[in-house]
């Protein structure tokens, strides 16, 4: 585990999965049909628990132009700037269950922001950075 700093907030366009974990692939497919993969844009996944304890998962893409989310009929989310605890996973598609295991380890840290989300930053076709926000 290592610290990772986001120096500014990132506004993202979100497509929420209809269920978790079953709806993850469909959410990413829907997002990519609206916003095709592009080297100028960062892609994410965001998950949080709601008040009922259910995991809400969204595939997300960085909003590059004001109003893009509204144009696509999507919600937005702000990935907050600050310090995150992170783990890099190389070749993540070879061991998808490792993502959940990694977040379980990250979420056990007592320094976490209780209002923070689990964030996956897609660094490439094969690598992701799993992150959880630390208290300010």
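The values are calculated or read from the model by the stated rules, or taken from the named source; none is laboratory data. Remember, predicted model here, so these are calculated numbers, not experimental data. Every residue, glycine among them, receives a Cβ derived from its backbone with ideal geometry; neighbour counts consider all protein chains shown.
Tabulated results
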item: Single residue of the stretch 66-92 satisfying the filter (at pLDDT 95 or above and loosely packed, with under 13 Cβ neighbours inside 10 Å) that is nearest to residue 34 (Cα to Cα); result: 78
item: Residue identified as in a strand (DSSP E or B), in contact with a strand residue (DSSP E or B) (Cβ under 7 Å, 6 or more places away or on another chain), farther than 25 Å from residue 126 by Cβ and touching a residue at least 24 places away in the same chain (Cβ under 8 Å) among 46, 56, 13; result: 56
item: Residue list for the stretch 110-128, filter: surrounded by fewer than 18 Cβ atoms within 10 Å (Cβ to Cβ) and more than 19 Å from residue 53 (Cα to Cα); result: 110, 111, 123, 124, 125, 126, 127
item: Residue under evaluation residue 23, criteria (1) in contact with a strand residue (DSSP E or B) (Cβ under 8 Å, 6 or more places away or on another chain); (2) closer than 28 Å to residue 83 by Cβ, criterion not met; result: (2)
item: Test: residue in the stretch 93-102 that is surrounded by 17 or more Cβ atoms within 10 Å (Cβ to Cβ) and under 23 Å from residue 11 (Cβ atoms); result: no
item: When residues of the stretch 54-65 are limited to those that are within 14 Å of the chain's Cα centre (by Cα) and more than 16 Å from residue 8 (Cα to Cα), the one modelled with the lowest pLDDT; result: 55
item: Any hit, the stretch 42-49, residues being at pLDDT 90 or above and loosely packed, with under 15 Cβ neighbours inside 10 Å; result: no
item: Residue match in the stretch 93-108 (condition: in a strand (DSSP E or B) and touching a residue at least 60 places away in the same chain (Cβ under 8 Å)); result: no
item: Check on residue 31, within 16 Å of the chain's Cα centre (by Cα) and under 13 Å from residue 132 (Cβ atoms); result: no
item: Residue satisfying all of: in the stretch 66-89; without any contact (Cβ under 8 Å) to a residue 60 or more places away in the chain and either assigned to a helix (DSSP H, G or I) or within 18 Å of residue 48 (Cβ to Cβ) (or both); nearest to the chain's Cα centre (by Cα) among these; result: 69
